[in-house]
Amino acid sequence: MKTINYILDSFGFQDWADFKGSAFGFILSGKVINFAAVIAFIASLIKELFGITIFFFIAYVILIIFEWQTGVAASLKRGEKHESRKLGRMILKIATYSVPIYVLNTFQKEVQFPGIFDYEIDPFVWLYWTVLLVIIWQLLVSLLENLDGLGYKYAKTLLKIINKKFYEKFDLNDEQNDNIG
């Protein structure tokens, strides 16, 4: 320990304890450790329950909040009064979206389908990703509709492009589109 203290002294530290406090003191405080433990728990819970990373979840939450805020702003621009019920509607939408993601993630993790010629056919993996894609697509379309209602000039153009590609990809026509909405 004398050698380490001697080396640390040449860098301006009194001893090992002085170096440790200077270099890692903020990490060793209870607040940082508690915060890191909570974030780690939340991240692992999200990954386990929903099958997505914390970064994906943060982007998903930001999309939901942005969609909600632009929806409120578009309503106010149309002259509609803001009601606290709209927050309840958003919470119900989040719950409605979260349940199938959770259920399909659980199915895809827990059910093992047999392979055919070394190719695993698992409908729950396909359903999980399809539902996740449709939810994100719906939120994005709703966000663009809100931005269009707020007067953002390129929102309507982008919405038309997205819908055109979506309808082409799934071989939908305009009559079917009118019945969906």
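Of note:
- Span-rule helices in the chain, defined as complete DSSP H runs reaching 15 Å or more along the axis (Cα) with Kyte mean at least 0.5: 30-50, 54-77, 123-149
- Probe 1.4 Å, protein heavy atoms only - accessible area per residue of the chain in square angstrom: 75
- Of the residues Leu92, Leu158, ranked by 1.4 Å probe accessible area with the largest first, the sequence reads Leu92, Leu158.
- A 1.4 Å probe, protein heavy atoms only, puts the accessible area of Ser22 near 80 Å².
- For semi-axes √(5λ) of the Cα gyration tensor in Å, the value calculated from this model appears in (1) 47, 27, 16; (2) 44, 17, 13; (3) 39, 18, 14 under label (1).
- Only lysine pairs 8 or more places apart or on separate chains count here, and in the stretch 28-181 those with Cα atoms under 23 Å apart total 14.
- Exposed loop positions in the chain were taken to be GluC sites (Glu not before Pro) whose DSSP state is not H, G, I, E or B and which have at most 14 other beta-carbon atoms within 10 angstrom. Between these positions, the longest stretch is 84-181.
- The chain - percent of accessible surface contributed by carbon and sulfur, probe 1.4 Å: 67
- Annotation for the stretch 59-88: trypsin sites (Lys or Arg not before Pro) lying in DSSP loop with at most 11 further Cβ atoms inside 10 Å of their Cβ are Arg78, Lys81.
- Cut-off of 10 Å, at most 11 other beta carbons, DSSP loop: longest stretch of the chain lacking such chymotrypsin sites (Phe, Trp or Tyr not before Pro): 27-116
The values are calculated or read from the model by the stated rules, or taken from the named source; none is laboratory data. Just so you know, these numbers come straight off a predicted model, no measurement behind them. Glycine also receives a Cβ, built like all others from the backbone with ideal geometry; neighbour counts cover every protein chain displayed. Calculation scope for accessible area: heavy atoms of the full protein, side chains included, ligands and nucleic acids excluded. Shrake-Rupley method; radii C 1.70, N 1.55, O 1.52, S 1.80 Å.
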